[in-house]
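The values are calculated or read from the model by the stated rules, or taken from the named source; none is laboratory data. Keep in mind the model is a prediction, meaning the values are calculated, not measured. When we count neighbours, we look across all protein chains shown, and the Cβ atoms used for this are built from the backbone with ideal geometry, even at glycine. The area values use the complete protein model at the heavy-atom level, side chains included, leaving out ligands, DNA and RNA. Shrake-Rupley method; radii C 1.70, N 1.55, O 1.52, S 1.80 Å.
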Amino acid sequence: MLKTLVLRSSSLSFSHFNHFSTLPRKFPFSFTHFPCPFSTVFPRPVNSCRCKVFAMAERTSTSSSHSLKYTNRLATEHSPYLLQHAHNPVDWYPWGEEAFAEARKRDVPIFLSIGYSTCHWCHVMEVESFENEEVAKLLNDWFVSIKVDREERPDVDKVYMTYVQALYGGGGWPLSVFLSPDLKPLMGGTYFPPEDKYGRPGFKTILRKVKDAWDNKRDMIVKSGAFAIEQLSEALSASAGSNQLPDGLAQNALRLCAEQLSNSYDSRFGGFGSAPKFPRPVEIQLMLYQSKKLEESGKPGEAKESLKMVFFSLQCMARGGMHDHVGGGFHRYSVDECWHVPHFEKMLYDQGQLANVYLDAFFISRDILYSFISRDILDYLRRDMIGSEGGIFSAEDADSAEFEGATRKKEGAFYIWTSKEIDDILGEHASLFKEHYYVKPSGNCDLSSMSDPHKEFKGKNVLIERNDSSALASKLGMSIQEYLDILGECKKKLFDVRAKRPRPHLDDKVIVSWNGLAISSFAKASKILKGEPQGTNFNFPVVGCDPKEYMEVAEKAANFIRRHLYNEQTRRLQHSFRNGPSNAPGFLDDYAFLISGLLDLYEFGGSTDWLVWATELQDMQDELFLDREGGAYFNTPGEDPSVLLRVKEDHDGAEPSGNSVSAINLVRLVSMVSGSKSDHYRQNGEHLLAVFESRLKEMAMAVPLMCCAADMLSIPSRKQVVLVGHKPSEEFENMLAAAHASYDPNKTVIHIDPTNTAEMEFWETNNNKVALMERNNFAADKVVALVCQSFSCRPPVSSPESLQHMLSNKSASSSVV
């Protein structure tokens, strides 16, 4: 029996795709368990491996009884996730030809388990099933079992997650899929408990059913799986019907997406959509972009409403328990509507994107609350998530032991507090701190029925700010600064005590794409934060460093990637690093996100070398991923025959899609170079967006960053700010900070030192108009700034104040010839 399904595709979640296709729906068996409920209101997917609807299972520590009794092939791998399973009784293989050949030789199906090292429900399934000798025997006797780290092999994960999402309507991790020896999917699901319960089959029952189907109904299930892959391949590799979007579609998509987000806005607690609440920074980016467009089009009231939603949402997130008030940074998502009780893992891709949107909020509002939170995130990364050579690590686990020697790990154990602990640690300031962070003897996870439905955190407190600091300071007869200083001292004391607790597992993989996101935020912070008022006081966990130190972090991370994950001869990237580069090649996201980070490195003050590397990577991205006839980029190079699908990703979810980021990269490159190369970038960007025309027209809320990209590309000419002068110098740094002092996503900053031979050669080769500006405006004793559009420029200025005035003057762009 065949049934029409809406195909769903995304990097971390699921969403409607813009094609309908017929897929086999009825199998001899069909069952799946999802570790989280999925929202029925598109497109608010739950895209993680667990949620509070289930009672939280405890997890054994690495000193389990099986840790030394068994050792399998995963023991020689580098991935932290694979190493976590190296001592299971399951005879695991890593993804590769050895496993495939074994399945063919034994003529048995493959059991594929995909997860990542900080995934809570992956840990639960390990404890319940993969450490269970009875389950292991069934797997070892009847299957070839393969374990994949989705962060190390997102291409493999994409194939089988797309399959599960398309057939069953949702997905998550752990992903559990049964395959034929030629890697076609037979059936799949996510987390399975070991035993039958609630009318659903347990994992052991499923193993027996798959074994029976393989023995008795093999032809049917193999044909069904092969047909599913054929249909998915056809639907997920869409081609454009034309070379560019119809006139007006970009503006309509932007407006539609903003309207849809506004309609989902939670006016009580902030954010867009209902619980569980994910930060999804691309939504914030779109609303800020739309606000700027409304202001420019003479609609200040509407612009203010958009900003109001964004600012309130960012404030609620910062006050909530999803924000780690003691150590900095943000947890993955909130299980309740009030941003209180989080899923406690910390992911690098969240930190990089959130730092950027808080920087943008500071750009616009000049409220140091937002600069403080951006520093809070970046200082957390500097302290806890960066290796000695500069690579930025990928994640911290949600689970940890409650005390040294504990054999079980619990979610949030590292981060939560009892009221008595606060009293003992903080002494005379305990009452102040407890009132500020809503700490109670009975525990504080009571703000929503969704916060702690199974009373796992009874007597425990997740810190959340519910009262205004100024009001509390006034109540105690203190100045606001004295009050904040006391809070900072208290947080430092708690931090020192917390540091003695068993830490959550650190996944110290360095992933190129996620590092690209972080490089961008560190580079931007180096100049944007120079706009903080003189004498601004900072309290723990914010360090309060000179913003230029953030540029050093960004450059060190980029250098790590160039040194360890880039081949200078082939000009290709590898995807990740841990004790050496992984075997996986760089994927679209790696190229696109890194190019974006390198463009920010250059624009915010770095060497032209970063711009050169960005253009080299863009050329290689086009060679490896671009569909030159159909338009847009595939997610993989298509060189690995074991990866059955090449997808043109468009969904902007927890991470933006590679195509959305690529479209913006192309827009930025168009304004930096000239001639045929600029035309080439523009044509590729226009063709890319045309592939997703129906998506932009019908489901704009699924692609907020692509909506921004489409509008950017529709603008006839982008504003350029060109700085000419000696580098480095204090005068140049001040002028560069002035160039970045106002929020304008349709602005490109170009800076040139005419005495630098390499810089001059780059611009003479790639944009002789910029080179001409250098020669005509260089003055040995000052830095000159020009504000241009289509390289027609207003009169040059030579002071930061004059440049800021020119950029903030709404008539500036209209007076350009």
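To keep it simple, each residue is scored yes or no on (1) open to solvent by less than 10 Å² (accessible area, probe 1.4 Å); (2) among the hydrophobic types (A, V, I, L, M, F, W, C); (3) at pLDDT below 95; (4) touching a helix residue (DSSP H, G or I) at 6+ places or on another chain (Cβ under 6 Å).
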| site | (1), (2), (3), (4) |
| --- | --- |
| Val282 | yes, yes, no, yes |
| Gly320 | yes, no, no, no |
| Phe330 | yes, yes, no, yes |
| Phe344 | yes, yes, no, no |
| Asp367 | no, no, no, no |
| Tyr380 | yes, no, no, no |
| Met385 | yes, yes, no, no |
| Gly391 | yes, no, no, yes |
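Of the residues contained in segment 533-546, none is found to be in contact (Cβ under 8 Å) with a residue 40 or more places away in the chain, farther than 30 Å from Leu472 by Cα and not small (Gly, Ala, Ser). Among the criteria (1) within 24 Å of Val647 (Cβ to Cβ); (2) hydroxyl-bearing (Ser, Thr, Tyr); (3) not in a loop (DSSP other than H, G, I, E, B), the one Thr205 does not fulfil is (1). Could you say whether any residue in segment 753-772 is open to solvent by less than 20 Å² (accessible area, probe 1.4 Å), acidic (Asp, Glu) and touching a residue at least 60 places away in the same chain (Cβ under 8 Å)? Checking segment 753-772: at least one residue is open to solvent by less than 20 Å² (accessible area, probe 1.4 Å), acidic (Asp, Glu) and touching a residue at least 60 places away in the same chain (Cβ under 8 Å).
Scanning segment 354-365 for residues that are touching a residue at least 60 places away in the same chain (Cβ under 8 Å) and open to solvent by less than 10 Å² (accessible area, probe 1.4 Å) gives Leu354, Ala355, Val357, Leu359, Ala361, Phe362. Counted as qualifying within segment 648-717 are the helices (runs of 4 or more DSSP H) with 3 or more residues that are within 16 Å of Gln618 (Cβ to Cβ), namely 658-670, 675-691.
Tell me which residues, restricted to segment 108-158, are assigned to a helix (DSSP H, G or I) and among the hydroxyl-bearing types (Ser, Thr, Tyr). Let's see the steps before the verdict.
At the first step, the residues of segment 108-158 found to be assigned to a helix (DSSP H, G or I) are 120-130, 133-142, 154-158.
Within segment 108-158, Ser129 is the sole residue that qualifies.
Against the list (1) at negative phi; (2) open to solvent by 50 Å² or more (accessible area, probe 1.4 Å); (3) not hydroxyl-bearing (Ser, Thr, Tyr), the condition Met287 fails is (2). Once segment 236-271 is narrowed to residues that are within 30 Å of Ser448 (Cβ to Cβ) and of a type in the set (S, T, N, Q), the residue that is surrounded by the most Cβ atoms within 10 Å (Cβ to Cβ) is Gln260. Considering only residues that are crowded, with 22+ Cβ neighbours inside 10 Å and out of contact with any strand residue (DSSP E or B) (no Cβ under 6 Å at 6 or more places or on another chain), which ones fall in segment 714-726? Result: Gly725, single match. Within the bounds of segment 173-189, is there any residue that is touching a residue at least 40 places away in the same chain (Cβ under 8 Å), in a helix (DSSP H, G or I) and surrounded by fewer than 23 Cβ atoms within 10 Å (Cβ to Cβ)? For segment 173-189, residues touching a residue at least 40 places away in the same chain (Cβ under 8 Å), in a helix (DSSP H, G or I) and surrounded by fewer than 23 Cβ atoms within 10 Å (Cβ to Cβ): absent. Going through (1) charged (D, E, K, R); (2) part of a loop (DSSP other than H, G, I, E, B); (3) touching a strand residue (DSSP E or B) at 6+ places or on another chain (Cβ under 6 Å) one by one, Asp640 falls short only on (3). The conditions of being touching a residue at least 40 places away in the same chain (Cβ under 8 Å), closer than 30 Å to Asn252 by Cα, of a type in the set (A, V, I, L, M) and open to solvent by 10 Å² or more (accessible area, probe 1.4 Å) are met by Met309.
In segment 558-582, the residue that is nearest to Trp613 (Cα to Cα) out of those that are in a loop (DSSP other than H, G, I, E, B) and in contact (Cβ under 8 Å) with a residue 12 or more places away in the chain is Arg571.
Candidates in segment 471-482 are the residues that are free of Cβ contacts under 8 Å to residues at least 40 places away in the same chain and not β-branched (Val, Ile, Thr); of these, the one that is surrounded by the most Cβ atoms within 10 Å (Cβ to Cβ) is Ala473.
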